[in-house]
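Trainee: The structure follows.
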Amino acid sequence: MRNKLIAGNWKMHGSLAGNPALLQSVAAGAATQSNVSFAVLVPFPYLAQAQALLTGTSCAWGAQDVSEEAGGAFTGEVSAAMLRDFGCRYVVAGHSERRARHGESDRRVAAKALAALEAGLTPIVCVGETLDEREAGQTLAVVYRQLDAVMESLGVRRLPAIVLAYEPVWAIGTGRSATPAQAQEVHAALRQRVSNADWVVGSGLQILYGGSVKPSNALELMRLPDVDGALVGGASLAADDFLDIGRAAALA
Ligand code: PEP
């Protein structure tokens, strides 16, 4: 059975003064739940604070983006080795907000995932279709294209070291989650795609669902056979909601 992970993407939220209450509540709640893992993905300036407050707890931390470059003249970028310096375990690669706002291509996302892996981080690689693409019947073609770029860059044998996240773009921050049937269809298809290359890797691949996950819909999503946890945006900013999603995952 695959382990479940509940990862909170804080996006561009938080403050030095306000973060400790949230981090400490999440860490305290995570300590009471044994069969689900927790992580928070905080803005770069708060990594040191997350490291200070979460070291020794059962909540991991990480970042929301990483450079594909190891170092050099790349103003504004942050390398995977720098994230390691702050004790990060995870980093998001290819969130749809970065694909859309920063023009991140499939190849660039794959290169970021590779850079993260090579530095010993676990990349959480996001794939997902827009509403137009879904309505045009292109959902699977889009997520396969995004996944294939990662498989080509990493090789299937390294996929056990990543986490995949299916995040339909139309469900992110909209309050409109995918239905369980929609989520299961895409998760199963992604797993099958990997299984076609290597059955053992496909069956063990951890695939999170993301897109308006909240306590009220978490149980039905977490019960799906091919859903192995959640990437949570808005609801990760309230400790009770985030921990309730974790409880649903533990129950599922
Ligand atoms: C996200 O930011 O990855 C996300 C899924 O956001 P939300 O849960 O707010 O839809």
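Trainee: Can you tell me how many residues in segment 198-224 are out of contact with any strand residue (DSSP E or B) (no Cβ under 8 Å at 6 or more places or on another chain) and of a type in the set (A, V, I, L, M, F, W, C)?
Mentor: The number of residues fulfilling the criteria is 4.
Trainee: Between a residue in segment 150-175 that is farther than 15 Å from Gln206 by Cα and any residue that is within 10 Å of the ligand (Cβ to nearest atom) and of a type outside the set (Gly, Ala, Ser), which pairs come within a Cβ distance under 8 Å, given they are 6 or more apart or on different chains?
Mentor: Filtered contacts from segment 150-175: Trp170/Arg176; Ile172/Glu97.
Trainee: A further question on this structure: Examine segment 234-246 for a residue that is under 25 Å from Arg134 (Cα atoms), within 18 Å of the chain's Cα centre (by Cα) and modelled with pLDDT under 95, and state whether such a residue exists.
Mentor: The answer is no; no qualifying residue exists.
Trainee: Looking only at residues that are without any contact (Cβ under 8 Å) to a residue 60 or more places away in the chain and in contact with a helix residue (DSSP H, G or I) (Cβ under 8 Å, 6 or more places away or on another chain) in segment 35-48, which one is surrounded by the most Cβ atoms within 10 Å (Cβ to Cβ)? If you could, list the steps in order and put the result at the bottom.
Mentor: First, the residues of segment 35-48 that are without any contact (Cβ under 8 Å) to a residue 60 or more places away in the chain: 39, 42-48.
Next, from what is left, pick out any that are in contact with a helix residue (DSSP H, G or I) (Cβ under 8 Å, 6 or more places away or on another chain): 42, 46-47.
On the way: Val42: 29, Tyr46: 21, Leu47: 21.
Restricting to residues being without any contact (Cβ under 8 Å) to a residue 60 or more places away in the chain and in contact with a helix residue (DSSP H, G or I) (Cβ under 8 Å, 6 or more places away or on another chain), the top hit is Val42.
Trainee: Does Val200 count as in a helix (DSSP H, G or I), at negative phi and without any contact (Cβ under 8 Å) to a residue 24 or more places away in the chain? Before you say what the answer is, go through the steps one by one.
Mentor: On the way: in a helix (DSSP H, G or I): yes; at negative phi: yes; without any contact (Cβ under 8 Å) to a residue 24 or more places away in the chain: yes.
Answer is yes for this residue.
Trainee: Which residue, of Ala188, Ala235, Ala218, Ala181, is near the ligand (Cβ under 9 Å from one of its atoms), assigned to a helix (DSSP H, G or I) and among the hydrophobic types (A, V, I, L, M, F, W, C)?
Mentor: Working: Ala188 fails: near the ligand (Cβ under 9 Å from one of its atoms); Ala218 fails: near the ligand (Cβ under 9 Å from one of its atoms); Ala181 fails: near the ligand (Cβ under 9 Å from one of its atoms).
Selected residue: Ala235, the only one of Ala188, Ala235, Ala218, Ala181 that is near the ligand (Cβ under 9 Å from one of its atoms), assigned to a helix (DSSP H, G or I) and among the hydrophobic types (A, V, I, L, M, F, W, C).
Trainee: Have a look at Ser177, Ser216, Ser236 and point out the one that is surrounded by fewer than 17 Cβ atoms within 10 Å (Cβ to Cβ) and not acidic (Asp, Glu).
Mentor: Testing whether each residue is surrounded by fewer than 17 Cβ atoms within 10 Å (Cβ to Cβ) and not acidic (Asp, Glu) leaves just Ser216.
Trainee: What is the number of the single condition among (1) under 21 Å from Ala60 (Cα atoms); (2) surrounded by 22 or more Cβ atoms within 10 Å (Cβ to Cβ) that Leu221 does not meet?
Mentor: Leu221 satisfies every listed condition except (1).
Trainee: From the list Gln51, Gln64, which residue is under 17 Å from the mean Cα position of the chain (by Cα) and touching a residue at least 12 places away in the same chain (Cβ under 8 Å)?
Mentor: Values: Gln51 fails: under 17 Å from the mean Cα position of the chain (by Cα).
Step by step, each of Gln51, Gln64 is checked, and only Gln64 is under 17 Å from the mean Cα position of the chain (by Cα) and touching a residue at least 12 places away in the same chain (Cβ under 8 Å).
Trainee: A follow-up question, please. Does segment 67-89 contain at least one residue that is within 16 Å of the ligand (Cβ to nearest atom) and either outside any loop (DSSP other than H, G, I, E, B) or buried (at least 16 other Cβ atoms within 10 Å of the Cβ) (or both)?
Mentor: Pass one, segment 67-89, residues within 16 Å of the ligand (Cβ to nearest atom): none.
Looking through segment 67-89, none of the residues is within 16 Å of the ligand (Cβ to nearest atom) and either outside any loop (DSSP other than H, G, I, E, B) or buried (at least 16 other Cβ atoms within 10 Å of the Cβ) (or both).
Trainee: Go through segment 1-24 and count every residue that is away from the ligand (no atom under 15 Å from the Cβ) and at pLDDT 95 or above. So that I can check it myself, show each step before the final result.
Mentor: So in segment 1-24, the residues away from the ligand (no atom under 15 Å from the Cβ) come out as 1-4, 15-24.
Now drop any that are not at pLDDT 95 or above, which leaves 4, 15-24.
Residues meeting the conditions: 11.
Trainee: Ok, one more. Going through segment 27-49 one residue at a time, which ones are closer than 21 Å to Val163 by Cα and touching a Leu at 6+ places or on another chain (Cβ under 9 Å)?
Mentor: Of everything in segment 27-49, those that are closer than 21 Å to Val163 by Cα and touching a Leu at 6+ places or on another chain (Cβ under 9 Å) turn out to be Ala30, Gln33, Val36, Ser37, Phe38, Ala39, Val40, Leu41, Val42, Phe44, Leu47.
Trainee: Would you mind finding the one in Ala100, Ala116 that is of a type outside the set (Val, Ile, Thr), closer than 20 Å to Lys11 by Cβ and either at pLDDT below 95 or within 14 Å of the ligand (Cβ to nearest atom) (or both)?
Mentor: On the way: Ala116 fails: either at pLDDT below 95 or within 14 Å of the ligand (Cβ to nearest atom) (or both).
Residue meeting the stated conditions: Ala100.
The values are calculated or read from the model by the stated rules, or taken from the named source; none is laboratory data. Predicted model, so just to flag it, every value in this text is computed and none were measured. Neighbour counts run over all protein chains shown; Cβ positions are idealised from the backbone, glycine included.
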